[in-house]
Amino acid sequence: MSKNNQLPEKIQELLKKKGWTWPPDEKLKAQWDAATERIHNSKQRFESAEEMLAVLEGERGFERVCEAIRLRRKTS
C-alpha cells in the first residue's frame, strides 16, 4: 500500500465491481455499523447453523461466514 492509505489501482477496480470503495465512504461505513449493530443487539440465540445463516444471508461482509456454514452443512 502507498503512504496515502490507497490500495493499488487494480484492487480498487475489483472492489468497485463489488460495490465497495477504499477508503470506505460514509455510506459504506454506515452499512457496516448498521449490520454490526443488528448482530450485537440480537437477543436471538441460534439453535442451528441454518438459523444463523438465515440472519446473516445478504448482510454485506458476511459472505465468507455464510459460505462456511453452507460447506459445513454439506459435509455433515
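The values are calculated or read from the model by the stated rules, or taken from the named source; none is laboratory data. Computed from a predicted model, the values in this text were never measured in an experiment. Note that each Cβ is placed from the backbone with ideal geometry, even for glycine, and that neighbours are counted across all protein chains shown. Side chains are part of the model used for accessible areas, which takes the heavy atoms of the whole protein and leaves out ligands, DNA and RNA. Shrake-Rupley method; radii C 1.70, N 1.55, O 1.52, S 1.80 Å.
Of all residue pairs spaced 6 or more apart or on separate chains, none has beta-carbon atoms under 7 Å together with a first member in segment 31-42 that is open to solvent by 60 Å² or more (accessible area, probe 1.4 Å) and a second member that is assigned to a helix (DSSP H, G or I). Of the residues making up segment 59-72, those that are loosely packed, with under 13 Cβ neighbours inside 10 Å and at pLDDT below 80 number 0.
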